[in-house]
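Notes follow once the structure below has been shown.
The values are calculated or read from the model by the stated rules, or taken from the named source; none is laboratory data. This one's a predicted model, so the numbers in the text were calculated from it and none came from an experiment. FYI the Cβ positions are ideal-geometry reconstructions off the backbone, even for glycines, and counts take in every protein chain you see. Just the protein is used for accessible areas: all its heavy atoms, side chains included, with ligands, DNA and RNA removed. Shrake-Rupley method; radii C 1.70, N 1.55, O 1.52, S 1.80 Å.
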Amino acid sequence: MSVSLEPIGIVHSCFKEKFGIPRQPGLVPDARARLELLAPYNRPEAVQGLESFSHLWIVFVFHATRRDKWRPTVRPPRLGGNLRVGVFATRSNFRPNPIGLSVVELEGIDLAEGRVQLLLKGVDLLDGSPVLDIKPYLPYADAHPDASAGFASEMPAAPFTVSFSAEAEAACRERECSYPHLRAFIVQMLSNDPRPAYYGTGAARTSFGARVLDFDLRWEVVGERVTVISLDPSAPGERNAG
């Protein structure tokens, strides 16, 4: 049976490229996005009552994932990126159907200027992600504290401490007028080590960069310490292969 799906909305996220996105929702609490509903679904009555829920399930498309054919096994980062397990035992974006599921916090609903936008927090969503559906999160049905979780049984510990160069600190303070909680967002993002799993503490490469919000974020890794070097909107940024 063939089923045709069309997006009901589009994500406008702080993450402008795949590199730097947390591997699960909620790991970077100050990562924010706007989910803009598309016509004909952008009607205020379509979200009536949603404001009473604190969290939502977002069903979206991994639109930036490209692979000619699916593979039955993948290498999850939690296992170091070297051991293979079945694709259906992971949340990998390389799936037979590139569909993602993310639980996020709903900060508010914006109905200004004839648009319907959901203000989201704690996202792991790439900018431009098409959204297929929105469902309210129900704690009594969706939360199972005693559930087993295989190789991902515990929340990963943030392995890095993060500091800022004088230049980066000044740039961060300047931009916090437009982006409140910017410093906290950067610390949360980098302390979780967004590098691919095959990088280790002894990796030869130490300099990295990612496009977030409206600037290029650049940082260096030495051992278990990260130093933010710059937040530069004019720099080309160092693009990273995942």
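Couple of notes before you dig in:
- Residue pairs meeting the criteria (Cβ under 8 Å; at least 6 apart or on separate chains; first open to solvent by less than 60 Å² (accessible area, probe 1.4 Å), in region 33-50; second among the polar types (S, T, N, Q)): 33/13; 35/117; 36/42; 36/117; 37/117
- Enumeration of residues in region 127-141 that are within 26 Å of residue 63 (Cα to Cα) and either open to solvent by 40 Å² or more (accessible area, probe 1.4 Å) or in contact with a Ser or Thr (Cβ under 6 Å, 6 or more places away or on another chain) (or both): 127, 133, 135, 136, 137
- The set of residues in region 148-163 being open to solvent by 60 Å² or more (accessible area, probe 1.4 Å) and at pLDDT 85 or above consists of 148, 161.
- Condition check for residue 115: more than 25 Å from residue 188 (Cα to Cα), open to solvent by 70 Å² or more (accessible area, probe 1.4 Å) and free of Cβ contacts under 8 Å to residues at least 24 places away in the same chain: no
- Test result for residue 60, surrounded by 15 or more Cβ atoms within 10 Å (Cβ to Cβ) and assigned to a loop (DSSP other than H, G, I, E, B): no
- Just one of the listed residues (128, 108) is in contact (Cβ under 8 Å) with a residue 24 or more places away in the chain and either in a loop (DSSP other than H, G, I, E, B) or over 21 Å from residue 43 (Cα atoms) (or both), namely 128.
- Identity of the residue in region 63-89, open to solvent by 30 Å² or more (accessible area, probe 1.4 Å), out of contact with any strand residue (DSSP E or B) (no Cβ under 9 Å at 6 or more places or on another chain) and modelled with pLDDT under 80, that ends up farthest from residue 150 (Cα to Cα): 68
- Subset tally (residues that are open to solvent by less than 60 Å² (accessible area, probe 1.4 Å) and either modelled with pLDDT under 95 or in contact with a Gly (Cβ under 6 Å, 6 or more places away or on another chain) (or both)) for region 173-183: 1
- Applying a threshold of 7 Å to beta carbon distances and a minimum spacing of six or more residues, or different chains, the list of pairs starting in region 74-91 at a residue that is without any contact (Cβ under 8 Å) to a residue 60 or more places away in the chain and ending at one that is in a helix (DSSP H, G or I) reads 74/87.
- Candidate set: region 1-32, residues that are open to solvent by 60 Å² or more (accessible area, probe 1.4 Å), in a loop (DSSP other than H, G, I, E, B) and of a type in the set (D, E, K, R); chosen: the one nearest to residue 122 (Cα to Cα): 23
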